Amino acid sequence: MAIQELRFRAAHLRAVLSGAKRITMRFQDPVEVGPAVLVFESEPEVRLPGVITSVLAKTVATVSDDEAREDGFPGADAVLAGLRDYYPALEPEDELVIVRFDIDEVTRPQRMHTALDAEDARGLAEFYRQLMGLQYRPGDEPPTDGTADDDSWLVLVDSDGRRQLAVQRTDVLPRSTWPSPEIPMQMHLDFAVPTAEALELHRLHAEQLGARVLLDRTQVGSEPLYVLADPAGHPFCLLVGVL
């Protein structure tokens with residue numbers, strides 16, 4: 001059975017993503033409580049997994065001021081004129097469906113860990129391992145058989161195996177002069193999403209919020225990712241991964 005869709009004009013995307021819009025009024029567009037796809041008619045089209053939390057039928061004339069304001073109208077008196085932009089034949093006695101919905105929070109990017117740059121990655125990992133009582137992700141432990149230490153990327157986890165920190169080796173790392181402003185703090189966040197499709201969705205979302213792509217590594221099948229810069233220029237990663 002196909003999942004029901006709630007379609008919106010592209011202009012509503014920002015309000016839905018921010019949580020400012022969680023209600024919509026529909027005419028002759030039956031929906032029911034349960035999973036739904038929120039579809040925004042932009043270019044390209046944006047589709048967000050969501051859920052319809054309640055459905056209430058009432059006539060246009062009985063919509064309350066509070067319900068009207070939740071949907072972006074100044075009051076109940078403005079509902080009819082505003083909805084006629086979507087439904088030209090709408091009359092005061094016609095029945096609307098007031099739909100309350102939410103974004104499925106499970107599909108949001110989940111913070112995997114904070115990643116720190118270091119010239120001595122193993123040394124910094126050991127510092128935080130002991131400071132925080134963490135342990136290495138299996139396979140990241142220091143070698144004991146005399147082989148070379150591949151310390152280019154080390155992940156530290158807690159006792160339940162949840163990622164807490166990662167350390168990335170870099171050849172040159174000028175020491176931060178903070179709080180003096182010459183050289184700022186140096187670290188980045190990694191965010192995991194469940195699928196390649198979700199990766200594209202959240203990359204687009206991040207760009208709409210003001211981020212820009214620094215690196216596209218989606219062609220790497222084992223761990224496709226984007227490196228983006230937030231609006232202040234801090235890099236962060238969106239990748240397909242498991243926490």
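Considered as a group, the residues in the range 15-65 that are in a loop (DSSP other than H, G, I, E, B) and acidic (D, E) include one that is surrounded by the fewest Cβ atoms within 10 Å (Cβ to Cβ), and that residue is E43.
Taken over the range 23-46, the residue count meeting the criterion of being within 13 Å of I103 (Cα to Cα), touching a residue at least 40 places away in the same chain (Cβ under 8 Å) and more than 17 Å from the chain's Cα centre (by Cα) is 3. The criterion of at least 1 residues that are under 30 Å from E41 (Cβ atoms) and outside the structural domain of P231 (by TED's automatic domain parsing) is met by the following strands (runs of 3 or more DSSP E) wholly inside the range 90-207: 95-103, 110-118.
The values are calculated or read from the model by the stated rules, or taken from the named source; none is laboratory data. Keep in mind that this is a model prediction, so the values were computed, not measured. Using ideal geometry, Cβ is built from the backbone for each residue, glycine included, and neighbour counts are taken over all protein chains shown.
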